[in-house]
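Take a look at the structure below.
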Amino acid sequence: MSGERALLVVVACALIDADSRILLSERPTGKALAGLWEFPGGKLDQGETPEVALIRELREELGIETQAACLAPLTFASHSYDGFHLLMPLYVCRRYQGIPTGREGQRLKWVRASQLRDYPMPPADEPLIAHLVDLL
Ligand SMILES: Nc1nc2c([nH]c(=O)n2[C@@H]2O[C@H](COP(=O)(O)OP(=O)(O)OP(=O)(O)O)[C@@H](O)[C@H]2O)c(=O)[nH]1
């Protein structure tokens, strides 16, 4: 079918701190959508469940540990980019061990839900903001 795009599943996390702030991670220079602020996460490796992939990505990107029981599904993004269609489940995580640090050199920011709109995000993420405002 013409215009058909591959479906890409990316799993993402709204990590919440004790002050109900959400962690955003800046996409590094050189990557697609560089400079935009996104939720930590990434693509699934072969054979991974979304939860296993997200736990791995949080460890690799932020140096924190969590468990599937601490990942609560909140909503999802469904957005067509050039070349692929993104399907991105968004989990909320309030329980984790360690202090998040930008293990891949990326800048991190703790942001209140009401201030998420001050941070430029990928277009797929924009509809997610209202869900976080409602939640928090
Ligand atoms: N992690 C994450 N990815 C997002 C978000 N919003 C969004 O559109 N994406 C898109 O999801 C796709 C996959 O992200 P990724 O982090 O696994 O991959 P990447 O582009 O950094 O490339 P690479 O990991 O293959 O080097 C990217 O096109 C990215 O722009 C988000 O909030 N978090």
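Structure notes:
- Taken over region 34-58, the criterion of being in contact with a strand residue (DSSP E or B) (Cβ under 9 Å, 6 or more places away or on another chain) and either of a type in the set (A, V, I, L, M) or open to solvent by 70 Å² or more (accessible area, probe 1.4 Å) (or both) is satisfied by A34, L36, K43, L44, A53, L54, I55, L58.
- Residues located in region 85-136, provided they are under 23 Å from K43 (Cβ atoms), open to solvent by 40 Å² or more (accessible area, probe 1.4 Å) and either modelled with pLDDT under 95 or part of a loop (DSSP other than H, G, I, E, B) (or both): Y96, G98, T101, R103, E104, G105, R107, Y119, P120
- Test for F84: is it closer than 18 Å to Y119 by Cβ, in contact with a strand residue (DSSP E or B) (Cβ under 7 Å, 6 or more places away or on another chain) and near the ligand (Cβ under 8 Å from one of its atoms): no
- So A69, is it small (G, A, S), open to solvent by less than 70 Å² (accessible area, probe 1.4 Å) and in a helix (DSSP H, G or I): no
The values are calculated or read from the model by the stated rules, or taken from the named source; none is laboratory data. Every value quoted in this text rests on a predicted model; they were computed, and no experiment measured them. When we count neighbours, we look across all protein chains shown, and the Cβ atoms used for this are built from the backbone with ideal geometry, even at glycine. The accessibility values were calculated without ligands, DNA or RNA, using every heavy atom of the protein model including side chains. Shrake-Rupley method; radii C 1.70, N 1.55, O 1.52, S 1.80 Å.
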